[in-house]
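Where a number appears in this text, it was derived from the coordinates with a stated rule and is not lab data. These figures come from a predicted structure and were not determined experimentally. Quick reminder, even Gly has a Cβ in these numbers, built from the backbone with ideal geometry, and neighbours come from all protein chains shown.
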Amino acid sequence: MCGKADRTSLGRGWCWAALLCVVGLSGTSSYAAKDERMPSARFAAILGRLLTYDGSLQRRAGSEIGIAVLYRLGNAQSLAEANEAFDQIRAFEGGKTLELPVKTYKLAFDGEADLEKAAAGYGLDVFVVTGGMTDQTDIVRRVSARRKILTVGNDGMQARRGLSVAIYVSEGKSKILVNLSASKREGTAFDSALLGICETIP
């Protein structure tokens with residue numbers, strides 16, 4: 001069993017062992033009919049570890065790392081997931097990731113221009129995408145590609161539809177699914193050590 005994440009120091013030395021502890025080893029991905037949303041505390045812990053394996057995040061971020069939890073206005077499921085995720089992810093503000101301070105936001109948007117404006121205004125580097133946003137995936141993809149923002153979902157299907165990463169549960173096991181094409185568009189540079197314990201799709 002893994003120890004509790006120390007969010008005040010998301011360093012790579014302990015991340016490797018922790019990720020091995022919670023992520024099922026697979027390689028390439030096949031569709032899993034039993035994909036489930038991961039509990040928010042574990043999702044946030046894995047997200048924090050995963051960020052330390054993006055070799056270009058520090059350069060893209062500049063003086064701080066901005067993380068926004070995106071949700072769909074008027075969608076109860078999306079808002080509930082966003083509230084749960086944000087309650088965990090905002091704890092990142094108590095420490096540093098890749099030696100940079102972290103700022104967290106919960107954000108609903110009205111169209112592509114609105115999301116782009118928010119991304120620029122808040123200096124966002126990571127989009128955490130909740131459920132109920134299937135028809136907004138293309139908007140998120142376009143903005144993230146232009147602004148080089150890492151996209152992370154909580155369902156395997158989100159990565160299959162073009163987000164960079166999904167963190168979820170399949171058949172009782174924690175999974176990280178990396179869409180290699182999407183992560184390239186977003187300017188990420190995931191370490192081979194991470195990719196070696198994740199499922200990947202081209």
Self-check item: Sparse-neighbourhood loop sites, chymotrypsin sites (Phe, Trp or Tyr not before Pro) in segment 29-102 - DSSP loop, at most 15 other Cβ within 10 angstrom
Solution: Tyr31
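In segment 65-121, which GluC sites (Glu not before Pro) fall in coil by DSSP and have 12 or fewer other Cβ atoms within 10 Å?
On the way: sites: Glu81, Glu84, Glu93, Glu99, Glu112, Glu116; in loops: Glu99.
Qualifying residues, ordered by number: Glu99.
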Self-check item: Per-bin percent of Cα-Cα distances, segment 155-202 [10 Å]
Solution: 29, 57, 14, 0
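Within the set of other residues whose C-beta is less than 12 Å from the C-beta of Thr188, count the net charge using Lys and Arg as +1 and Asp and Glu as -1. Intermediate results must be reported in sequence, preceding the final value.
Values: positive: Arg59, Arg60, Lys148, Lys184, Arg185; negative: Asp54, Asp125, Glu186, Asp191.
Local net charge: +1.
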Quiz item: Under the definition of Cα pairs under 8 Å and six or more residues apart, what whole-number percent is the relative contact order of segment 33-201?
Solution: 26
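Taking a temperature of 37 °C and a viscosity of 0.692 mPa s, what whole-number D in µm²/s does Stokes-Einstein yield for segment 33-201 with Rh from Kirkwood over alpha carbon pairs?
Translational D for this selection: 211 µm²/s.
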Practice problem: For segment 123-202 and segment 66-87, compute the distance between their C-alpha centroids and round to whole Å. | Solution: 16
